[in-house]
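Step one of this worksheet: look at the structure below.
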Amino acid sequence: MALPRVLSVIGAGQMGIGIALVASLRAKIPTVLLYDRDPSQITKGLEFMDKLLAKDVSKGKTNEDDAKAARGRIISITSSSASSSTSNNDEFGWARELGERGSDMAVEAASERLSIKEGIFRTLAKNLSRDAVLASNTSSISITKLAGAAVEGLGSTISKASEEGKSCAGRVVGVHFFNPVPVMKLCEVIPGLQTSEVTLERAKAFAVACGKEVSTSKDVPGFVSNALLMPFLNEAIMCLESGTATRDDIDKTLRLGMGHPMGPLQLGDIFIGLDTCLAIQETLYEGTRDSKYRPSVLLGRMVDAGWLGKKSGKGFYEY
């Protein structure tokens, strides 16, 4: 199965940077276009990538030439640079540039909010070629809904039931990488109801080329990974909320009693972010209406306070 020649990654946060890095370094995709609406986020992300590459070189995981070649394959795209090349200076110039540069696969790695992701998929479907794979790194949101949004991006004259609509929806797939992307060995691939077999196989081939093992999940809330993980984390927060045990004793119990590398509260703080935990838990609850997925009140309050974990300097722990 042919790999993309030009890959677009939308979102230069920790996940997007990680995906761009493994695509360039491991899969050796010839061109990786990295877009974020905030130019400072791209700068920050690429600086972080440079540190990761330098660390790999120092540890002998890669050599200087390969690291330099990987970095050279990544091209940053910003709204300002894209709009300068478009005559009407519209807000979707970035997506038009991705299309003009020949992007044949896009991976969305934006915030875990349905409205944000739907907007991106409408824009990508309108501006990328009609055979480009449209993938999402979502950890919980319905791929089937995102496929529907992609069809809407083609215009009001294209129905979801038409052949053109079916073809467009068939190009949408989930590719859920795990944080930190360069380290974690799994990629969860999720077909929507409309996803074609060709798209599914292209997504799997891409993940394998990035050095990942692949698991496949149906398009249900949370897929396999977060349908199992998030209730576990949520229950740990409820134990803290109810006073069953202290923060340290909850994490110690899972580390030393169950053999987990780290406790659930520390995991939420460091590798997920409490805002993302809440967003996923809400998606699970709204998608199933099962009370077992009801988000902890304490989790919601901490997000309200801006205590999001390591990325904000404070969560269950202070950083």
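Considering only the stretch 18-26, I want to know if a residue exists there that is under 21 Å from L128 (Cα atoms) and touching a residue at least 60 places away in the same chain (Cβ under 8 Å).
Yes, the conditions are met somewhere in the stretch 18-26.
What number goes with the only condition from (1) closer than 30 Å to K218 by Cβ; (2) in contact (Cβ under 8 Å) with a residue 40 or more places away in the chain that V303 does not pass?
Result: V303 passes all but (2).
Would you mind stating whether K311 is under 30 Å from K44 (Cα atoms) and touching a strand residue (DSSP E or B) at 6+ places or on another chain (Cβ under 7 Å)?
Judged against the criteria, K311 is not a match.
Have a look at E241, E235 and point out the one that is assigned by TED's automatic domain parsing to the domain that holds L265, in contact (Cβ under 8 Å) with a residue 40 or more places away in the chain, surrounded by fewer than 18 Cβ atoms within 10 Å (Cβ to Cβ) and of a type outside the set (A, V, I, L, M).
Only one candidate passes the filter, namely E241.
Of everything in the stretch 235-294, what is within 29 Å of L114 (Cβ to Cβ) and not in a helix (DSSP H, G or I)? Give them in sequence order.
G273, R289, D290, R294
Look at L278 and say whether it is outside the structural domain of N179 (by TED's automatic domain parsing), farther than 16 Å from N179 by Cα, modelled with pLDDT of 95 or more and touching a His at 6+ places or on another chain (Cβ under 8 Å).
no
Among the residues that make up the stretch 222-229, is at least one of them part of a helix (DSSP H, G or I), among the aliphatic types (A, V, I, L, M), touching an Asp or Glu at 6+ places or on another chain (Cβ under 6 Å) and closer than 30 Å to V107 by Cβ?
Within the stretch 222-229, not a single residue is part of a helix (DSSP H, G or I), among the aliphatic types (A, V, I, L, M), touching an Asp or Glu at 6+ places or on another chain (Cβ under 6 Å) and closer than 30 Å to V107 by Cβ.
Is one or more of the residues making up the stretch 105-115 of a type in the set (S, T, N, Q) and either buried (at least 18 other Cβ atoms within 10 Å of the Cβ) or not assigned by TED's automatic domain parsing to the domain that holds Q194 (or both)?
No: zero hits.
When you look at C168, is it surrounded by 24 or more Cβ atoms within 10 Å (Cβ to Cβ), over 20 Å from the mean Cα position of the chain (by Cα) and either free of Cβ contacts under 8 Å to residues at least 60 places away in the same chain or not in a helix (DSSP H, G or I) (or both), yes or no?
When the stated conditions are applied, C168 passes them.
The values are calculated or read from the model by the stated rules, or taken from the named source; none is laboratory data. Computed from a predicted structure; not experimentally measured. Neighbour counts are summed over all protein chains in view; Cβ atoms, including those assigned to glycine, are modelled from backbone coordinates with ideal geometry.
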